[in-house]
Each structure stands twice: as C-alpha cells, then as structure tokens.
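Structure first, commentary second.
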Amino acid sequence: MDIGSLKEFKQSTRNNIIEIIKRDAKATLSNPIVILVLIALIILPSLYGLVNIYACWDPYKNTGHVQFAIANDDRGASYDGVAIHAGDDLVDMLKNNTDFEWVFVSSDDLRQGVHNGTYYAGMVVPANFSECIVSITTKDPHSATLEYRVNEKANPVAAKLSDSAAKAVYNNINAEIVTFINLAAYNKLGELQAGLASGASQLATGGVLLSDGAGQVASGADQLSDGANQLTDGANQLSAGANQLADGSGQLAQGTGAASSKVNNVKDQVSEANQVVQQHSSSDWAKNEMNYIDGKASELADNVTKLDEGAQAVHQGSVELASGTNQLNEGVNELSQGTMSLAAGAELLANSAASALFTASSSLAGAANGLADVTGVDENKVGDYFYAPVKLDRHEEFPVNNFGSQVSPFYLVLSMWVGALVTCVLLRVGSSVGTKYRPHEIYLGKLVLFCTFAILQTTVTLLGCLLLGIDIHNHVVFAFTCYFVSLVFMIFVYSLISLFGDVGEGITIILLVFQISGTGGMYPIQIMNKVFGFLHPYLPMTHGINIVREAQLGLIWSNYIPSFVVLLVFAIIVVFVSFILKQRFDKRTKYFDEKLEESELFN
C-alpha cells in the first residue's frame with residue numbers, strides 16, 4: 001500500500017468511526033423509551049454500589065435490636081460474711097448495656113426460644129454460679145460454667161453477632177471474677193502486712209531489751225572477772241600462809257618431840273630418885289614429897305606426850321592444808337580464766353542475738369513497708385487495676401468514621417464492573433458483518449459509546465457518594481481514579497464481548513465471580529483459599545480496589561502508582577490486541593451468535 005492509499009485508508013477509517021459515533025448518539029435520543037432505558041442503565045450501577053454501601057454503613061449500630069436472652073438461676077453464696085450474687089450482678093450490668101436487646105427470661109423459656117428461633121442466642125446462669133466463684137477461697141476451687149445456646153440456622157450473621165455478645169458477657173463476668181479473687185487475696189495480703197509490721201515491731205523491742213541485757217551481762221561479767229581476780233589473789237595468799245603454817249607446825253612438832261623425850265628422861269630420873277628415897281629414907285616428909293614430885297613428873301610427862309601428839313597432828317593438818325590451798329589456788333586460777341571467757345562469750349552472744357533481732361526486724365519492717373505500699377492503695381483503684389491491668393492505647397492510621405466508608409472501595413469497584421457488564425449486555429457491541437464498516441472501525445466507533453456510558457455511570461456514582469457522605473481523603477484524586485477504573489473495566493468487558501459475543505459475556509461473569517472473593521476487598525486475602533491467593537495479583541479488580549481505597553481513605557503514592565500502572569498497561573494491551581483480533585474473530589463471533597439465536601433460547 002502506497003502513501004496515498006494509506007492516507008485514504010486512514011481518512012476513510014476516521015470518517016467511518018465518526019459516523020458510527022454520530023449514529024449511536026442519534027439513536028440514544030430516538031424515542032422516550034430508549035431514553036428511559038438508557039437513564040436506568042446509567043443509574044443502575046451506582047445503585048448497586050451505593051445501596052450496598054448504605055446497607056453496610058454501620059451494621060453494628062443497630063445490634064441493640066437483636067434479642068439476646070438471659071436466664072439467671074443463681075442462688076448466691078457468701079464470702080467472709082458478705083453475700084455474693086454474681087448472677088444478679090451480671091443482670092444489673094446487662095440492663096445498663098445497650099449493645100443488644102437483652103431479654104430476661106426463665107431457663108426453660110430461653111432454651112425453647114433459642115430452639116424455635118424466637119431468640120438468636122441466649123445464656124443461662126446456673127444455680128451454683130456464685131458458689132463456684134467463691135470456691136476459690138476454699139480447699140475445693142472449681143470453675144463456674146455459663147450455658148450458652150445459639151441457633152446457627154436462624155441467621156449466619158446474627159449467630160456471629162451473638163457469639164460476640166456471648167464473648168463480651170464472658171469477658172466481663174470473668175473480669176469481675178478475677179477482680180473478686182484478687183481483692184480477696186489483696187485483703188489477705190493486708191492482713192499479712194499488718195502481721196509483719198507487728199512482728200517487726202516486737203522483734204525490734206526484743207532487740208532493744210536484749211541489747212540492754214547484753215550490757216548488764218557484760219557489766220556482771222566484768223564484776224565476776226574482778227571478783228575472780230581478787231579470789232585468785234586471796235587464794236595465793238592463803239596458799240603462802242598454809243605453806244608457812246606447815247613449816248611452823250613441823251618445827252613445833254620437832255620441838256615438842258624433843259621436849260617429850262627430855263621430860264620422859266626427867267620422869268625416869270625422878271622415879272629412880274623416889275625409889276631410892278623410899279628404901280633408904282626414913283623421913284615420911286621426904287617420902288611424901290618425892291611421891292608428889294614423882295606424880296607431877298609423870299603428869300608432866302603425859303601432858304608433854306599429848307602436846308607432842310597434838311603438835312604432830314597440827315603438822316599433818318598443816319601439810320594437808322597447804323596441799324589443799326595449792327589445789328584451791330589452781331582451781332581459782334582456772335575459775336578466773338573461765339570467768340573471763342564466760343564474760344566475753346556472754347557479751348558476744350548478747351550482742352549477736354540483739355544484732356540478729358534488729359536485722360530480722362529491719363527485714364520484716366521492709367517487707368511490711370513494701371506491702372503497705374500495695375495494701376495502702378484505694379480498693380476501688382485496685383479493683384479497676386485488676387479488672388484491666390493492661391490498657392490498650394489505640395492509635396489509628398487513616399481513621400474511618402463508619403463501616404460503609406471502609407467497604408465502599410470494594411462496592412464501588414464492583415459496581416463499575418457490573419455496570420460495564422450490564423451496559424455491554426443491553427447495548428449492541430456491533431459487528432461489521434453485513435455493514436460497510438471494517439471490524440476495527442466498528443470496535444473503535446462503538447468503544448466511544450460504551451466509554452461515554454462508563455463516564456456517565458461514574459458521575460452518578462460520585463454524586464451518590466457525596467450525598468451518602470462517605471469519607472474521602474482526596475476528592476480530586478478519588479474522582480479521577482473512579483473515572484479511570486470505570487473506563488478500564490468498560491474497555492476490558494466491551495472488548496471481550498465485542499470479540500467473543502455471548503462467550504465473552506460468560507467469561508466476564510466468571511471473572512466477576514472469582515473477583516468477588518479473590519480481590520481481598522471484604523476479607524483479607526490471607527484467610528481465603530490458596531487458589532484466590534494465587535489469582536489475587538492478576539485480577540483487574542484487585543488493582544482497581546487498591547487505587548480507589550488509596551484515593552478515598554488515605555493516599556500513599558507508593559501503593560497507588562504500581563496498581564495504576566498495571567491497569568493502564570492492561571487497558572492499552574486490551575485495546576491493541578482487540579484491534580487486531582477483531583478483524584479475525586468478527587465473522588466467527590457473528591456466526592456463533594446467530595446459531596444461538598436460531599435455537600430461540602438466547603437473545
């Protein structure tokens with residue numbers, strides 16, 4: 001083809017495309033019925049998205065109308081003289097709770113009502129509920145059991161909401177129980193603190209008394225040591241005197257012995273002289289005087305002998321006394337040394353005992369003071385602490401005011417896909433068979449009409465978003481993104497149906513089914529089946545939801561740009577490939593659709 005022919009071909013193609021566009025524009029205004037249908041076609045996709053968004057606007061706000069039955073059979077218990085009615089406390093707590101419509105009934109009515117669907121769920125507080133709670137303070141602690149009944153058949157969402165309600169009740173009553181247990185332990189801890197403080201005080205007093213006694217023991221030990229020293233000195237003096245007495249008595253014994261010997265000699269001589277006088281003398285006086293002298297000499301001799309025996313006895317006693325005093329002196333020395341050791345040991349023992357008492361008293365006092373820091377806290381504050389010992393400080397990134405705004409990226413993008421599908425199904429995508437137009441001219445000419453509808457549908461959707469008041473972070477980028485995603489989807493759906501006719505419609509519907517679950521728009525893709533996890537990055541709606549979410553709820557360009565590029569490249573490739581394939585598939589697709597129409601089963 002030369003340059004002239006090419007220019008002529010381009011001019012002819014351009015004129016044909018413009019002619020197709022004008023013809024379609026004229027057809028849209030051909031009669032009122034067509035106009036009404038087209039208006040409905042423009043509004044329908046927005047309704048699909050906006051109605052679902054509004055329905056999900058704040059689904060948990062109205063849970064106060066969901067009935068949850070409560071039956072309280074608790075008969076109560078007592079702890080430390082205080083009546084415990086945990087079941088009544090639970091009922092009082094729920095009466096002030098507006099999360100659900102709490103219905104208080106008998107246990108029989110509850111079971112029957114849950115069974116026949118009158119109530120989605122219910123909870124029975126057993127008769128021994130309080131008793132089980134208080135059992136923690138006994139030797140036989142056992143758990144309390146709440147009977148939870150739920151009708152899974154009635155409604156799947158209601159069942160999950162009821163599970164949330166049951167969990168909330170369970171957590172609250174568990175928190176109350178933990179608070180009760182910890183407060184009971186806290187009171188016992190207070191008693192322990194008081195006992196420790198009292199014991200520390202008594203130990204300190206005993207330490208003072210023992211310390212004073214240790215001083216007195218030391219003073220007495222010193223006095224005893226001084227007395228022992230004096231006794232030692234006296235014993236030494238007594239030993240020396242006893243030794244001198246032994247020496248003197250020895251000398252006396254020797255003297256009395258000599259005197260006794262001489263007196264006996266004199267006695268013998270006097271006796272001999274008396275005998276001489278008595279045979280030879282005739283004088284009676286002389287005889288009498290000699291008898292007298294002889295008697296006195298005998299008497300003197302006897303006395304001297306006795307004196308000598310006494311002197312000998314005194315000497316022997318003195319010797320024994322000296323020996324005893326020596327032994328006494330040695331014993332006194334040992335006593336003195338032992339007394340000094342006893343004094344030192346008594347003082348050391350007393351000081352050590354006093355020191356130990358003071359140390360124990362200080363340790364107990366420290367423990368008591370430490371417990372005082374705990375037990376001195378206000379019980380209400382302690383109860384709050386035990387109820388929630390750890391509090392969660394929540395910091396929200398990109399906060400959203402309502403659930404409807406959170407799910408709107410999914411429903412908006414879904415409505416764009418549905419809008420493209422409905423538009424391409426209701427309006428003819430066109431075929432070149434039997435016309436003067438070439439396949440690519442039909443494709444490009446009709447594409448303008450469908451893209452125009454995509455823009456109109458998106459405009460209505462954006463107006464609906466403003467009326468609903470969904471959260472929008474960046475209005476300009478959000479509007480641009482919605483138009484962009486809508487055009488990409490329309491190009492893709494239109495191209496499929498233009499190329500493959502009814503088969504293209506089937507492919508589009510299949511893709512819709514997979515994209516509802518595989519895009520992660522509602523549920524995290526991580527919890528879905530592995531098949532959806534594999535398809536996730538290759539689905540158009542995945543990237544459409546991603547950029548709409550970024551533009552609406554908080555723009556991060558590093559998240560936005562990759563998905564935008566993917567969709568842009570995707571649209572360009574689809575147009576390019578469709579432009580080429582339209583010429584090959586147009587006649588085949590027309591033939592295939594005619595055969596389906598001949599069956600009178602398909603439009």
message = Apply the a/c threshold of 1.5 to the C-alpha gyration tensor of the range 455-558 and tell me whether it is rounded, prolate or oblate.
response = oblate
query = What are the residues whose amide H is under 5 Å from the amide H of Ile70, where those residues sit 5 or more places off or on another chain and H is modelled from the backbone?
reply = Val103, Phe104, Val105, Met123
ask   = Quick one: Ser323, Ser558, Ser408, Ser517, fewest Cβ neighbours within 10 Å first, how do they rank?
value = Ser558, Ser323, Ser517, Ser408
request  = Between Trp557 and Asp226, take the C-beta separation as r, use R0 = 60 Å, and let me know the FRET efficiency to the nearest 0.05.
outcome  = 0.05
remark   = When Trp57, Trp285, Trp102 are ranked with the fewest other C-beta atoms within 10 Å first, the list becomes Trp285, Trp57, Trp102
task = Report the paramagnetic label zone for Ala55: residues of the range 412-456 whose backbone N is under 18 Å from a point 7 Å from Cα along the Cα-to-Cβ axis.
result = 412-419
message = For the pairs Lys95/Lys139; Lys262/Lys306; Lys139/Lys167; Lys167/Lys530; Lys153/Lys530, flag any whose C-alpha to C-alpha distance is greater than 26 Å.
response = Lys95/Lys139; Lys139/Lys167; Lys167/Lys530; Lys153/Lys530
task = Note down the nm distance, to one decimal, between modelled labels 7 Å out along Cα→Cβ at Ile510 and at Asn529.
result = 1.5
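No lab work stands behind these numbers, since they all come straight from the coordinates. Computed from a predicted model, the values in this text were never measured in an experiment. Note that we place each Cβ from the backbone using ideal geometry, even for glycine, and neighbour counts take in every protein chain shown.
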